[in-house]
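For reference, the structure is listed below as structure tokens.
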Amino acid sequence: MDSRLADLLRLLTLERVDADTYRGDSRDMGSPQVYGGQVLGQALRAAYATVAPDHFAHSLHAYFLRRGDFNAPIDYCVDRARDGHSFSARRVTAMQHGEQIFNLSASFHIALAGLEHQLPMPDVPAPEELDSSVAVPEAMVARLPIRVRAFYDQMRPFEFRFCQPVLPQERQASPPLQSIWFRSMDRMPDEDALHRCLLAYASDFGLLGTAVRPHLRDLGENVFMASIDHAMWFHRAARVDDWLLYHLDSPVAAGARAFARGAIFSRDGRLVASAAQEGLIRLLG
């Protein structure tokens, strides 16, 4: 397995330290705080450890309360809010240095048949049709500021291909929408829970980036960006080692906050997950 992906899987392998309490390590992603997707993925993994094997995560709602310290582990305390016949609910509190830094509510459901419909997948180029120059590892990363470059370096367990690439260094304003193909760098184990946790991890990538696309001419090094909350719905099972399309838009930015949402499609056009996030975008100085 790719070494970077193997390291990410180790990051999602939590240590049980007490009844319904789990501990996870952190990584420096090049930002002032722990990458939000890491905390999402680890918290969901902790919740999964307390539910029946036939229950799968279908939704989560989370708030980022304080900056996470990537130099220290994070403890995830799980509250078994409810166990019903077909639904289970969990609340997870992430603790660091004696303070809450994050909380998550997640709901789990058993597989049931029912009515189905969905909006179609956007008409975009297939990942094979995109030139390798729009992939994150080579052309884009080399031109970014050092701290931003470190973030993209750490995202290398995933391959990204941008349908509408914009380099922040070029300060080119564009509409607040984009479509990104992504997949893990190597084949993954056949564990649905692990794929959902990794999907949560990756879902934090691109949301606020979509919101700032119209404002790249106005942004410099004096901008601070951070996730405030994050919601996700898992509609169908999906594999993160197959190409997935993340179609993102940002309907509004106001009051130093921006709202963004995303739809995740499988290669064959099935809508497998949806995400939404509000983030802080503050100009400093």
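The values are calculated or read from the model by the stated rules, or taken from the named source; none is laboratory data. Given the structure is predicted, the values throughout are model-derived calculations rather than measurements. So basically every Cβ, Gly included, is an ideal-geometry build from the backbone, and we count neighbours across all protein chains shown.
Is one or more of the residues making up segment 160-174 loosely packed, with under 15 Cβ neighbours inside 10 Å and either modelled with pLDDT of 90 or more or closer than 20 Å to TYR35 by Cβ (or both)?
no
Scan segment 79-128 for residues that are hydroxyl-bearing (Ser, Thr, Tyr) and closer than 16 Å to HIS61 by Cβ and jot them down.
If the condition is that a residue be hydroxyl-bearing (Ser, Thr, Tyr) and closer than 16 Å to HIS61 by Cβ, then SER88, THR93, SER105, SER107 are the ones that fit.
If you take the residues in segment 237-264 that are within 14 Å of HIS195 (Cα to Cα) and out of contact with any Asp or Glu (no Cβ under 8 Å at 6 or more places or on another chain), which one is surrounded by the most Cβ atoms within 10 Å (Cβ to Cβ)?
Filtering first and then ranking leaves ILE264.
Given the structure, is ALA193 of a type in the set (A, V, I, L, M), modelled with pLDDT of 95 or more and not in a loop (DSSP other than H, G, I, E, B)?
The answer is yes for ALA193.
Go through segment 97-130 residue by residue and tally those that are out of contact with any Gly (no Cβ under 6 Å at 6 or more places or on another chain) and either part of a strand (DSSP E or B) or within 30 Å of ARG66 (Cβ to Cβ) (or both).
Number of matching residues: 12.
For segment 42-72, which positions are assigned to a loop (DSSP other than H, G, I, E, B) and surrounded by fewer than 17 Cβ atoms within 10 Å (Cβ to Cβ)?
ALA49, ALA52, PRO53, ASP54, LEU65, ARG66, ARG67, ASP69, ASN71, ALA72 - these are the residues of segment 42-72 that are assigned to a loop (DSSP other than H, G, I, E, B) and surrounded by fewer than 17 Cβ atoms within 10 Å (Cβ to Cβ).
Does any residue in segment 240-258 that is part of a strand (DSSP E or B) come within less than 6 Å, Cβ to Cβ, of a residue that is exposed (fewer than 14 other Cβ atoms within 10 Å of the Cβ) six or more places away or on a different chain, and which pairs are these?
Close Cβ pairs satisfying both conditions: HIS247/PRO122.
Taking the condition of being under 19 Å from ALA52 (Cβ atoms) and not in a loop (DSSP other than H, G, I, E, B), how many residues in segment 77-96 meet it?
Residues meeting the conditions: 12.
Tell me, please, whether a residue that is at positive phi and under 19 Å from the mean Cα position of the chain (by Cα) can be found in segment 199-208.
yes
Restricting to segment 203-224, what's the tally of residues that are at pLDDT below 85 and crowded, with 16+ Cβ neighbours inside 10 Å?
Of the residues in that region, 1 qualify.
Can you tell which of ALA200, ALA231 is out of contact with any Phe, Trp or Tyr (no Cβ under 8 Å at 6 or more places or on another chain), among the hydrophobic types (A, V, I, L, M, F, W, C), crowded, with 23+ Cβ neighbours inside 10 Å and farther than 20 Å from PHE162 by Cβ?
Of the residues listed, the single one that is out of contact with any Phe, Trp or Tyr (no Cβ under 8 Å at 6 or more places or on another chain), among the hydrophobic types (A, V, I, L, M, F, W, C), crowded, with 23+ Cβ neighbours inside 10 Å and farther than 20 Å from PHE162 by Cβ is ALA200.
Using beta carbons and a limit of 9 Å, which pairs, at least six apart or on different chains, have the first residue in segment 70-88 and among the basic types (Lys, Arg) and the second one not in a strand (DSSP E or B)?
Here the result reads ARG80/ASP20; ARG80/THR50; ARG80/VAL51, each pair linking segment 70-88 to a residue that is not in a strand (DSSP E or B).
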